[in-house]
Amino acid sequence: MQRFRIDCDIALSAKQQQAYDFVRSHETALLFGDTGSGKTEIYMKLLEDVINEGKSAIFLMPEISLTPQMQKRLKKKFGDMVAIWHSKITKKSKEKIIAGIERGEVRILAGARSTLFVPLPDLGAIIVDEEHDDSYKASNRPRYHARDVAIYMGRVLGAKVVLGSATPSLTSYHKFPFFRLRETFFDTQKSIIFTHEEEGISERIMHELSQTLAQNHQAIIFLPTRANYKYLTCIDCGKFVECPFCSVGMSIHRERNALRCHYCNYMQRIPSECPACGGRHLKTNRMGTAQVVMELSEKFPEKRFVKFDRDEVTTQTKLKKILKAFNDHEIDVLVGTQMLSKGHDYHDVRLAVVFGIDTILAQADFRARERAMSLLLQVAGRSGRKGEGKVIVQTANAEFFAHYIDDYEKFLKEELASREGLYPPFRKLMKFMIAHKSKAKALEILERLQVCLSDA
Ligand SMILES: [Zn+2]
Ligand SMILES: [Zn+2]
């Protein structure tokens with residue numbers, strides 16, 4: 001294989017150098033670094049060294065974080081030695097990359113989880129950025145968790161594995177030696193405000209938003225819900241209008257004057273009476289991104305609000321377009337779901353508004369607290385990357401969030417203690433899903449399974 005000697009001129013601070021040495025001296029290491037602490041520089045240094053040792057490397061990112069900024073950064077440092085890989089690139093591009101690998105020219109493959117399955121010779125390192133991200137777990141076949149596969153491959157192939165995150169998963173924190181990187185590049189002045197009020201855009205939030213926009217700064221608004229509202233509920237019988245196929249509440253999409261099921265995409269017109277009892281008093285619940293964009297566009301007609309969720313960002317091209325428009329300041333406010341939190345670099349965001357974090361905290365899932373806390377920190381981390389930043393959180397659980405907001409490690413420690421003996425990472429859980437056209441048949445199978453399991 002052709003040997004390149006490269007020097008990317010990466011200057012590490014003393015603390016970053018320590019982190020780097022730590023990572024190099026462990027087979028698998030967790031880089032627990034706050035937003036803005038310079039994890040990327042450490043990755044770059046590792047990639048450079050691996051290349052200079054004549055080896056190759058894989059750099060994994062959640063698909064949504066494969067932004068033009070990141071690609072440019074990699075291309076600038078490593079030129080044609082780096083190629084980008086994800087499920088949506090064309091067959092032709094894939095063939096080109098594979099040929100490049102065979103010729104020994106492509107030495108770094110950066111991409112989403114499927115990158116792991118591209119045969120790279122002499123693998124020296126695998127970096128898993130944003131290692132806490134749920135998208136590493138494939139929920140369709142083949143079922144696998146890319147982080148676990150990376151760790152396994154590292155062990156088998158003798159490659160170094162680096163997991164990086166500002167909010168590492170509890171499992172990785174528990175299992176692997178870690179280095180905490182707290183130092184920040186930007187001298188940020190951040191303040192966080194918790195407000196406890198009725199759902200919706202309150203006066204307090206309006207006030208902060210007007211101030212930010214009046215100074216021509218940008219804002220991001222987070223909500224866990226798409227569409228206008230998540231539910232249409234009957235005041236008389238209390239039921240919400242359900243999908244006839246999935247038995248889940250259907251969401252209100254005003255622009256189509258329709259109710260849509262987010263499971264199976266079944267659509268119907270918004271009814272004027274309750275399908276269950278015929279009552280005529282229907283109300284909407286759980287405001288979504290489309291509703292916030294609609295209401296705020298009316299209040300600030302001269303500003304541009306854009307949705308940032310799965311309804312709006314349907315392709316990689318659209319993602320690029322919106323992020324570019326936002327960073328070029330053609331958009332003033334992004335209103336989005338979890339997608340907002342995923343490692344994007346927003347330059348001039350001075351305000352982050354967080355709605356609906358309580359619904360995430362209230363999920364019936366042992367990971368609910370971990371999800372809510374990590375999400376809040378990730379969204380908050382997007383405000384004030386350079387300079388001042390404010391975060392407003394609408395929650396009835398201010399005490400919980402305030403307790404950990406400054407120190408995610410404190411959260412991890414206490415959460416670990418509460419899971420001991422019951423949940424992962426101490427126990428393994430298995431999920432059985434039984435589906436059948438007939439409910440009775442499904443129940444019967446379920447009961448049989450229960451008997452088998454209790455005998456085992
Ligand atoms: Zn009803
Ligand atoms: Zn459905």
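What helices (runs of 4 or more DSSP H) lie completely within the stretch 325-413 and have 3 or more residues being closer than 20 Å to R286 by Cα and either touching a Gly at 6+ places or on another chain (Cβ under 6 Å) or not assigned by TED's automatic domain parsing to the domain that holds G164 (or both)?
Filter on the stretch 325-413 gives 357-361, 368-380.
Contact list please: Cβ distance under 6 Å, first residue in the stretch 73-95 and among the small types (G, A, S), second residue assigned to a helix (DSSP H, G or I), pairs at least six apart or on different chains.
So the pair list comes out as A83/I97; S87/S114.
Taking the options E255, E199, E203, name whichever one is open to solvent by 50 Å² or more (accessible area, probe 1.4 Å), acidic (D, E) and more than 17 Å from Q394 (Cβ to Cβ).
E255
Of all the residues that make up the stretch 211-244, how many are β-branched (V, I, T) and more than 16 Å from ligand 1 (Cβ to nearest atom)? Quick ask: steps written out before the conclusion?
Applying the first criterion (β-branched (V, I, T)) to the stretch 211-244 yields 212, 220-221, 225, 233, 235, 241.
Still in the list and also more than 16 Å from ligand 1 (Cβ to nearest atom): 212, 220-221, 225.
Total meeting the criteria: 4.
Does the stretch 128-149 contain at least one residue that is more than 17 Å from T28 (Cα to Cα), assigned to a strand (DSSP E or B) and within 18 Å of the chain's Cα centre (by Cα)?
So far as the stretch 128-149 goes, yes, one or more of its residues are more than 17 Å from T28 (Cα to Cα), assigned to a strand (DSSP E or B) and within 18 Å of the chain's Cα centre (by Cα).
Just to check your reading of the model, which residue among K307, K283 is under 28 Å from C246 (Cα atoms) and within 16 Å of ligand 1 (Cβ to nearest atom)?
On the way: K307 fails: within 16 Å of ligand 1 (Cβ to nearest atom).
Only one candidate passes the filter, namely K283.
Residues checked against (1) in contact with a strand residue (DSSP E or B) (Cβ under 8 Å, 6 or more places away or on another chain); (2) at positive phi; (3) open to solvent by 20 Å² or more (accessible area, probe 1.4 Å):
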| position | (1), (2), (3) |
| --- | --- |
| I10 | no, no, yes |
| S13 | no, no, yes |
| R24 | yes, no, yes |
| D34 | yes, no, yes |
| K39 | yes, no, yes |
| I42 | yes, no, no |
| F59 | yes, no, no |
| A83 | yes, no, no |
| I101 | yes, no, no |
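Looking at the structure I just gave you, is E208 away from ligand 1 (no atom under 16 Å from the Cβ), open to solvent by 50 Å² or more (accessible area, probe 1.4 Å) and within 26 Å of M339 (Cα to Cα)?
Values: away from ligand 1 (no atom under 16 Å from the Cβ): yes; open to solvent by 50 Å² or more (accessible area, probe 1.4 Å): no; within 26 Å of M339 (Cα to Cα): yes.
For E208, the condition - away from ligand 1 (no atom under 16 Å from the Cβ), open to solvent by 50 Å² or more (accessible area, probe 1.4 Å) and within 26 Å of M339 (Cα to Cα) - is not met.
Looking only at the stretch 276-294, which residues are open to solvent by less than 60 Å² (accessible area, probe 1.4 Å) and either more than 27 Å from D236 (Cβ to Cβ) or among the small types (G, A, S) (or both)?
Within the stretch 276-294, G278, G279, G288, T289, A290, V292, V293 qualify.
What's the total number of residues in the stretch 124-155 that are more than 22 Å from R73 (Cα to Cα) and either aliphatic (A, V, I, L, M) or surrounded by 22 or more Cβ atoms within 10 Å (Cβ to Cβ) (or both)?
9
All but one of (1) within 16 Å of ligand 1 (Cβ to nearest atom); (2) in contact with a strand residue (DSSP E or B) (Cβ under 7 Å, 6 or more places away or on another chain) hold for S247, so report the exception by its number.
(2)
Please enumerate the residues belonging to the stretch 219-248 that are more than 14 Å from ligand 2 (Cβ to nearest atom), touching a residue at least 24 places away in the same chain (Cβ under 8 Å), over 30 Å from G381 (Cβ atoms) and in a loop (DSSP other than H, G, I, E, B).
Correct list: I235, D236, C237, K239.
With the requirement that a residue be within 16 Å of ligand 2 (Cβ to nearest atom), under 26 Å from K439 (Cβ atoms) and small (G, A, S), what does the stretch 249-284 give you?
If the condition is that a residue be within 16 Å of ligand 2 (Cβ to nearest atom), under 26 Å from K439 (Cβ atoms) and small (G, A, S), then G249, S251 are the ones that fit.
Out of (1) surrounded by fewer than 21 Cβ atoms within 10 Å (Cβ to Cβ); (2) aliphatic (A, V, I, L, M); (3) under 16 Å from the mean Cα position of the chain (by Cα), what's the single condition that is false for V306?
Failing condition for V306: (3).
The values are calculated or read from the model by the stated rules, or taken from the named source; none is laboratory data. Everything numeric here is computed off the predicted structure, so don't read it as measured data. Cβ atoms come from the backbone with ideal geometry, glycine included; neighbour counts cover every protein chain shown. When the accessible area is computed, the model is the full protein with side chains, heavy atoms only, and any ligands, DNA or RNA have been set aside. Shrake-Rupley method; radii C 1.70, N 1.55, O 1.52, S 1.80 Å.
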